[in-house]
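Accompanying notes for the structure given below.
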Amino acid sequence: MRPRLLLVCLTGLTLLLSGCGTGSAEPNPTPVDAPPSAALPDPPAPPSPTATPKPKLRPLPAKLPAGLVRTTGGKKVALTFDDGPDPAWTPKVLDLLKAAKVKATFCVVGTQVRKHPELVRRIAREGHQLCNHSWNHDLNLARRPVAEIRADLTRTDREIRRAVKDAKVPYYRQPGGRWTAEVVKVAKQLGMRSLHWTVDPQDWARPTAATIQKRVQRAARPGSVVLLHDGGGNRAATLAACPKVIAALKRDHGVTRLR
Ligand SMILES: [Zn+2]
């Protein structure tokens with residue numbers, strides 16, 4: 001590549017990377033070989049096959065990265081509730097857990113924490129575990145630049161601690177379970193273990209309560225981590241399934257809180 005063309009390409013790349021190149025999709029009438037004007041800076045180069053356009057989402061790995069917590073480490077199973085806190089469902093789930101005398105882990109979303117800090121306080125007060133589930137449930141968060149991941153997780157942690165002073169948040173759970181090695185590493189740097197699951201009855205897709213119950217009972221093994229939802233939509237079926245699910249898990253395995 002000729003030096004001037006290379007320079008123009010690099011200038012364009014710098015503009016793109018610095019977020020100033022949003023106009024580069026517009027047709028650029030100036031040929032790249034035109035002599036630079038003395039008065040004006042070079043226009044950004046049109047996309048070149050040799051230039052990297054902008055930071056892309058990194059690809060998801062073909063298999064889950066190392067370092068995920070997927071079991072309780074013992075025989076008892078653990079319940080996890082994601083996407084809350086939600087004023088319609090979280091109090092009811094907490095009531096059920098209290099009646100059944102079991103503790104669970106709540107993977108909370110930062111924007112929901114900001115809206116309903118009193119529910120986070122209740123979760124903590126009643127002895128349940130807290131887990132960071134990102135600021136706004138960004139399914140692609142783990143694929144973004146590391147600095148963005150760190151900012152998101154830190155902001156969510158801060159919001160949880162605004163609700164519950166000195167709250168312990170020992171876990172992070174990536175929305176959609178769409179993990180990358182990078183998000184696992186950032187979570188670790190921030191003092192959180194990355195919490196996946198063993199049993200997913202897909203209650204978010206709103207099957208019937210009987211189906212949720214059947215799926216959990218069939219899939220549960222000693223040490224399973226069960227994924228359920230107390231937020232993100234109508235959780236009536238999850239709520240209806242919970243008493244039987246919890247009773248069966250207590251009977252078959254015992255239920256423990258993640259440490
Ligand atoms: Zn979620």
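The values are calculated or read from the model by the stated rules, or taken from the named source; none is laboratory data. The structure presented is a predicted model; accordingly, all values stated were derived computationally and were not measured. Ideal geometry is used to build each Cβ from the backbone, glycine not excepted, and the neighbour counts take in all protein chains shown.
Computed values, structure above
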read-out: Set Ala142, Ala147: member being in a helix (DSSP H, G or I) and surrounded by 16 or more Cβ atoms within 10 Å (Cβ to Cβ); value: Ala142
read-out: Residue, farthest from Leu195 (Cα to Cα), within region 99-113, restricted to residues that are among the aliphatic types (A, V, I, L, M) and crowded, with 24+ Cβ neighbours inside 10 Å; value: Val113
read-out: Long-range neighbours under 6 Å by Cβ, at least six apart or interchain, first residue in the same structural domain as Pro170 (by TED's automatic domain parsing) and part of a loop (DSSP other than H, G, I, E, B) within region 104-132, second charged (D, E, K, R) and more than 16 Å from the ligand (Cβ to nearest atom); value: Gly127/Lys103; His128/Lys103
read-out: One residue from Gly191, Gly231 being away from the ligand (no atom under 16 Å from the Cβ) and in a loop (DSSP other than H, G, I, E, B); value: Gly191
read-out: Which listed residue, of Arg206, Arg259, is outside the structural domain of Trp179 (by TED's automatic domain parsing) and charged (D, E, K, R); value: Arg259
read-out: Any chance Asp166 is more than 12 Å from the chain's Cα centre (by Cα) and charged (D, E, K, R); value: yes
read-out: Checking Ala219 against (1) crowded, with 17+ Cβ neighbours inside 10 Å; (2) over 15 Å from Phe106 (Cα atoms); (3) not β-branched (Val, Ile, Thr), the condition it does not meet; value: (1)
read-out: Where Val102 falls short, out of the listed (1) more than 25 Å from Ala247 (Cβ to Cβ); (2) of a type in the set (Val, Ile, Thr); (3) away from the ligand (no atom under 16 Å from the Cβ); value: (1)
read-out: Qualifying positions in region 120-139 - within 16 Å of the ligand (Cβ to nearest atom) and either farther than 19 Å from Met192 by Cα or among the charged types (D, E, K, R) (or both); value: Asp138
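Table: residues versus (1) modelled with pLDDT of 95 or more; (2) closer than 18 Å to Val77 by Cα; (3) basic (Lys, Arg).
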position: Gln202; (1), (2), (3): yes, yes, no
position: Arg215; (1), (2), (3): yes, yes, yes
position: Arg221; (1), (2), (3): yes, yes, yes
position: His229; (1), (2), (3): yes, yes, no
position: Cys242; (1), (2), (3): yes, yes, no
position: Thr256; (1), (2), (3): yes, yes, no
position: Arg259; (1), (2), (3): no, yes, yes
